[in-house]
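I have placed the structure first, in the form of structure tokens, so that the comments after it can refer back to it.
The values are calculated or read from the model by the stated rules, or taken from the named source; none is laboratory data. Given the structure is predicted, the values throughout are model-derived calculations rather than measurements. Glycine also receives a Cβ, built like all others from the backbone with ideal geometry; neighbour counts cover every protein chain displayed.
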Amino acid sequence: MPVAKISAAITASHLTFTRNGEDVLHDFSFTIAAGDYVGVIGPNGGGKTTLLRLLLGLLQPTNGSITLLGGKTTETQVRRHVGYVPQRGGSLDAQFPATVEEVVRSWRHGAEAERHIAEAMHDMGIEKLAARPMSRLSGGERQKVMLARAMAGNPSILFLDEPVDGLDPASRDAFYALLRTINAKGVTIIFVSHDVHAIAQEASSAICLKHQLVCHSKKACHIDGEELRDLFHSDRHALLDHHDT
Amino acid sequence: MPAIFALEFMQRAFAVGLVVGIVAPTIGIFFVVRRYSSMADTLAHVSLAGIAASLLAGTAAIPTALVVAVCSVLGIEHLREKKTLLPDTIVSLFLFGGLATGIVLLGLSHGKNVNIVNYLFGNIVTVTPQDAWLITILGVIAFVLTLVLWRHLFAISLDEDVAAAGGLHVRLLNRVLAVLGAATIAISMNVVGVLLIGALMVIPVLGAMQFRVGFRRTWELSLIISVLSVVLGLVASFYLDLASGGTIVLCAIGFFIVSTFLAGGMTKRQL
């Protein structure tokens, strides 16, 4: 699959998702370029996670279409180029009996997979934790393992859902530094957050979401106060003042 | 040679017991880590309806129980995916529905001269040569299929969404795992009985999990606990004239308690 030749990593067209008769997402379109670093921001219940699940192919849109790397989200070939870091480590139970290496390896095998697994563990700095059970990791270490698992598939697009939720400031900074390194290698990053600061500081562009597209800014730090008031019904735009350029 | 190994029915009991002792925790570990432990009980109760149906229809018990369990487990998976009912509700419906159907059918088959107690509580020494072959063939198929799909079943147990996003066929794998669970139940009926089947799938795994090691290591430990429980349980039941199914499960519980103490001691030494 000639992923590298595709300029648009994601194209969403007239996307609508209805649950129990109500529009969670209503008729919006956007394009994300390959190699972009996009923050998806919005209030709780605004449809951020639903959008992420639609892009991952875990939900199907009621109306509209999504193209991922030139193909449909349901195609296995497309999904093999996708990495996903779920919120708070996903459904992985703290008592789940697995070592760090087993989680990173997950279902992958073969010579090429071994190389990517070793590379991902090296890049995340968790090589020394390889044999440690997941139940004996700190929150920051667990998130690095989740990121390594996503990167072990050598993805072209990396999706993250509130990846630093519950982490202390030092762990957050370390995690964001890893994401910057990954993006510098050409991986498209889409990360969902309700943290306006993080989006403004880390992402190169932003999608502001509240059931419909409030804005799609080419520069995340250019989200204006009006848009944030629309999103959060508050003066949280003040949070961004010192980031405006 | 000790008397216990010279008797043909005991040789058969050990052979069948070892097959079940290996297969039960191999499938059971996926049920435990996914918090599906109650599913094993549900399938066991549904199997009772299968046994009762086999008495009425005059068919072989294990294949009939297998067919009923597979149909039920596919129904459970279908309803679980539709998400219109809570998972607990679905499992309860099938558990009590299976038990009720079994009781009604057993009532209708009154006078068929079959000792239902053997199926309820297990009596491994009554396993016929035909049953032994069927259990061995089904057990080997289930074991090999699980090993082939090991990485994929592990991945969907870790996180279904991550596995699906990465291109795995989660729906199909869930169904395969459910059918493997149904097969395990069907071949374990004679060994520990319908009422205790879930125990052999769950308790050895719980014992192994006390050591807080990796997934593969946990599985290996659970195999040791399970096989030792079956062997010790059979020997004890033979010499002490005890019910084989209950004795095997009591041995497994004993190993669970020992594992808890051993693992606790190891943790203290590490601190």
(message) Being surrounded by fewer than 17 Cβ atoms within 10 Å (Cβ to Cβ), of a type outside the set (A, V, I, L, M, F, W, C), within 14 Å of chain A (Cβ to nearest Cβ) and in contact (Cβ under 8 Å) with a residue 24 or more places away in the chain is true for just one of B:ARG171, B:ARG216. Which residue is that?
(response) B:ARG171
(message) Out of the residues in segment A:152-171 meeting the condition of being out of contact with any strand residue (DSSP E or B) (no Cβ under 6 Å at 6 or more places or on another chain) and buried (at least 22 other Cβ atoms within 10 Å of the Cβ), tell me which one is nearest to B:ARG212 (Cα to Cα).
(response) A:ALA152
(request) Return the residue satisfying two criteria in turn: it lies in segment A:33-58 and is within 14 Å of another protein chain (Cβ to nearest Cβ) and part of a loop (DSSP other than H, G, I, E, B), and of such residues it is farthest from A:SER204 (Cα to Cα). (result) A:LEU58
(request) Using the structure shown, decide if A:LEU69 is more than 9 Å from chain B (Cβ to nearest Cβ) and either under 24 Å from A:HIS116 (Cβ atoms) or buried (at least 22 other Cβ atoms within 10 Å of the Cβ) (or both). (result) yes
(message) Among the residues of segment A:113-126, are any among the basic types (Lys, Arg), modelled with pLDDT of 90 or more, closer than 26 Å to A:LEU69 by Cβ and touching a Gly at 6+ places or on another chain (Cβ under 8 Å)?
(response) no
(message) Which of the helices (runs of 4 or more DSSP H) found entirely inside segment B:78-152 contain at least 2 residues meeting this: within 22 Å of B:VAL230 (Cα to Cα) and without any contact (Cβ under 8 Å) to a residue 40 or more places away in the chain?
(response) B:129-148
(message) Among the numbered criteria (1) within 21 Å of B:ILE225 (Cα to Cα); (2) of a type outside the set (S, T, N, Q); (3) surrounded by 24 or more Cβ atoms within 10 Å (Cβ to Cβ); (4) free of Cβ contacts under 8 Å to residues at least 40 places away in the same chain, which one does B:ILE187 miss?
(response) (4)
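Output the number of residues of segment B:29-67 satisfying the condition of being part of a helix (DSSP H, G or I) and under 19 Å from B:GLY122 (Cα atoms). First the steps, then the outcome.
First, pick out the residues of segment B:29-67 that are part of a helix (DSSP H, G or I): B:29-33, B:37-57, B:61-67.
If we keep only those that are under 19 Å from B:GLY122 (Cα atoms) as well, we get B:40-55, B:61-66.
Number of matching residues: 22.
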(request) Can you tell me which residue among A:THR74, A:THR67, A:THR62 is among the β-branched types (Val, Ile, Thr) and either without any contact (Cβ under 8 Å) to a residue 40 or more places away in the chain or out of contact with any Ser or Thr (no Cβ under 6 Å at 6 or more places or on another chain) (or both)? (result) A:THR74
(message) Take residues that are more than 11 Å from chain B (Cβ to nearest Cβ) and among the basic types (Lys, Arg) and tell me which of the helices (runs of 4 or more DSSP H) falling wholly in segment A:75-171 contain 1 or more.
(response) A:111-123, A:139-151
(message) Can you confirm whether B:ALA155 is at pLDDT 95 or above, surrounded by 20 or more Cβ atoms within 10 Å (Cβ to Cβ) and part of a helix (DSSP H, G or I)?
(response) yes
(message) Can you tell me which of (1) more than 22 Å from B:TRP133 (Cβ to Cβ); (2) surrounded by fewer than 18 Cβ atoms within 10 Å (Cβ to Cβ) is the one B:GLY58 doesn't meet?
(response) (1)
(message) Can you tell me which condition A:VAL103 does not meet? The list is (1) in contact with a Ser or Thr (Cβ under 6 Å, 6 or more places away or on another chain); (2) under 25 Å from B:PHE211 (Cα atoms); (3) of a type outside the set (Ser, Thr, Tyr), and all the others hold.
(response) (1)
(request) Considering (1) touching a residue at least 60 places away in the same chain (Cβ under 8 Å); (2) surrounded by 19 or more Cβ atoms within 10 Å (Cβ to Cβ); (3) more than 25 Å from A:ARG180 (Cα to Cα), say which one A:ASP23 fails and leave the rest. (result) (2)
(message) The conditions are (1) surrounded by 24 or more Cβ atoms within 10 Å (Cβ to Cβ); (2) closer than 13 Å to B:THR184 by Cβ, and B:ALA52 fails exactly one of them. Which is it?
(response) (2)
(request) Could you tell me whether segment A:2-16 includes any residue that is within 18 Å of A:ILE190 (Cα to Cα), over 18 Å from the mean Cα position of the chain (by Cα), surrounded by fewer than 15 Cβ atoms within 10 Å (Cβ to Cβ) and not hydroxyl-bearing (Ser, Thr, Tyr)? (result) yes
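Yes/no matrix, rows are residues, columns are (1) hydrophobic (A, V, I, L, M, F, W, C); (2) without any contact (Cβ under 8 Å) to a residue 24 or more places away in the chain:
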position: B:ALA24; (1), (2): yes, no
position: B:PHE31; (1), (2): yes, no
position: B:ARG35; (1), (2): no, yes
position: B:ALA52; (1), (2): yes, no
position: B:LEU55; (1), (2): yes, no
position: B:PRO63; (1), (2): no, no
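Right, B:THR184: more than 30 Å from B:CYS71 (Cα to Cα) and in a helix (DSSP H, G or I) or not? Reasoning before the result, please.
Working: more than 30 Å from B:CYS71 (Cα to Cα): no; in a helix (DSSP H, G or I): yes.
No, not satisfied.
Give B:VAL231, B:VAL227, B:VAL235, B:VAL202 a once-over and let me know the one that is modelled with pLDDT of 90 or more and buried (at least 19 other Cβ atoms within 10 Å of the Cβ). First the steps, then the outcome.
Values: B:VAL231 fails: buried (at least 19 other Cβ atoms within 10 Å of the Cβ); B:VAL227 fails: buried (at least 19 other Cβ atoms within 10 Å of the Cβ); B:VAL235 fails: buried (at least 19 other Cβ atoms within 10 Å of the Cβ).
The match here is B:VAL202.
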(request) Give segment B:159-168 a look and list any residue that's crowded, with 24+ Cβ neighbours inside 10 Å and part of a helix (DSSP H, G or I), or say none. (result) B:VAL162, B:ALA165
(request) Could you grab me the full set of residues in segment B:102-152 that are surrounded by 19 or more Cβ atoms within 10 Å (Cβ to Cβ) and touching a His at 6+ places or on another chain (Cβ under 9 Å)? (result) B:GLY102, B:HIS152
(message) Need the failing condition index for B:LEU196 against (1) hydrophobic (A, V, I, L, M, F, W, C); (2) within 20 Å of B:LEU99 (Cβ to Cβ); (3) within 14 Å of chain A (Cβ to nearest Cβ), just the number.
(response) (3)
